[in-house]
Amino acid sequence: MKNIIIFGAPGSGKGTQSDLLVEKYAFRHISTGDVLRAEIKQGTELGQTAKKYIDKGQLIPDSLMVSILAATYDAMLPCEGVIFDGFPRTIPQAEALAEMLQERGTEVSCVLELHVADELLVERLVLRGKTSGRADDNEQTIKARLEVYHNQTAPLAEWYKKRNLLRTVNGVGSIEDINAQLCKAIDAI
């Protein structure tokens, strides 16, 4: 079984590429945003606890997020592999994920980083906002999200590189070309 983390800045194509990888490899996909919304909608105990934080505008503690992911992960087993999208976002989250997987006798197989220059990310997200109507896809909010990404999430690249798990892929080009690069990295593990 392969446990793959896909990561990159907002607008780098993580969701699009995750969908293609799920289709090709019969992997399962864990998107933290989707998981949280589902837990809250279903009214699970974890979802109710998460909702209390969200309703107060607070971040969900890492321990709670890992508990929610662990329950989701366990419900997906057995499977060919899992793609983690949107988690981890910080080094403490990466450590917690590694511990959660270790408790299940497995580990992260590789980390796929989609690299795209900030200027292009802003362009992509502004365009997405115009076509999707997403309120958070405006230039001011996008720049703030990119700043948070560079300060909190980007250090994960170096952390995973030291563990020989990071595979950086150029996130610019056709969807098919980018996907081929990701598949090559997955096939090599």
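The values are calculated or read from the model by the stated rules, or taken from the named source; none is laboratory data. In this text the structure is predicted, and so the values were computed from the model without any measurement. Cβ coordinates were reconstructed from backbone atoms using ideal geometry, including for glycine residues, and neighbour counts include every protein chain displayed. Each accessible area value is taken on the protein alone, full model and side chains, heavy atoms only, with ligands, DNA and RNA left out. Shrake-Rupley method; radii C 1.70, N 1.55, O 1.52, S 1.80 Å.
Which entries of 161/184; 24/56; 2/52 have Cα-Cα distances beyond 28 Å here? Walk me through the intermediate numbers first.
Working: 161/184 18 Å; 24/56 40 Å; 2/52 33 Å.
In this structure, 24/56; 2/52 exceed 28 Å between Cα atoms.
With a probe of 1.4 Å, find how much accessible area the chain has per residue, and write the answer as a whole number in Å². Spell out each step's value before the answer.
On the way: 10310 Å² over 189 residues.
Value for the chain: 55 Å² per residue.
Out of the total accessible area of the chain (probe 1.4 Å, heavy atoms of protein only), what percent is carbon and sulfur?
Accessible surface attributable to carbon and sulfur in the chain totals 51 percent.
Given axes a ≥ b ≥ c from the Cα gyration tensor, I'd like to know whether the stretch 1-127 is rounded (a/c under 1.5), prolate (a/b larger than b/c) or oblate.
Numbers: a/c = 1.63, a/b = 1.13, b/c = 1.44.
Judged from the Cα gyration tensor, the stretch 1-127 comes out oblate (a/c at least 1.5, b/c at or above a/b).
Given the DSSP H assignment, sum -39500 (n - 2.57) over each helix run of at least 4 residues in the chain and divide by its residue total; what's the result at 222 nm in deg cm²/dmol, nearest 500? Write down the numbers at each step before the final one.
Numbers: 9 runs with 108 residues, N = 189.
The helix contribution divided over the chain gives -17500 deg cm²/dmol.
Excluding residues fewer than 8 places away in the same chain, name every one of the aspartates and glutamates whose C-alpha is closer than 19 Å to that of residue 162.
95, 99, 107, 113
Taking amide H atoms as placed 1.01 Å from N in the peptide plane, list the residues 5 or more away in sequence, or in a different chain, whose amide H sits under 5 Å from that of residue 9.
Those lying under 5 Å, H to H, from residue 9 are 116.
Using mean Cβ contacts within 10 Å as the protection proxy, how do 85-98, 104-117, 1-14, 67-80 order, highest first?
Numbers: 85-98: 18.9, 104-117: 16.9, 1-14: 22.3, 67-80: 14.9.
Result, highest mean first: 1-14, 85-98, 104-117, 67-80.
Considering only the other residues whose Cβ falls under 13 Å of the Cβ of residue 182, what net charge follows from Lys and Arg at +1 and Asp and Glu at -1?
Details: positive: 2, 14, 24, 167, 184; negative: 19, 23, 85, 113, 176, 177, 187.
Within the 13 Å Cβ shell, the charges total -2.
Distance between Cα centroids, the stretch 6-46 to the stretch 114-189: provide it in whole Å.
Using only Cα atoms, the two centres lie 15 Å from each other.
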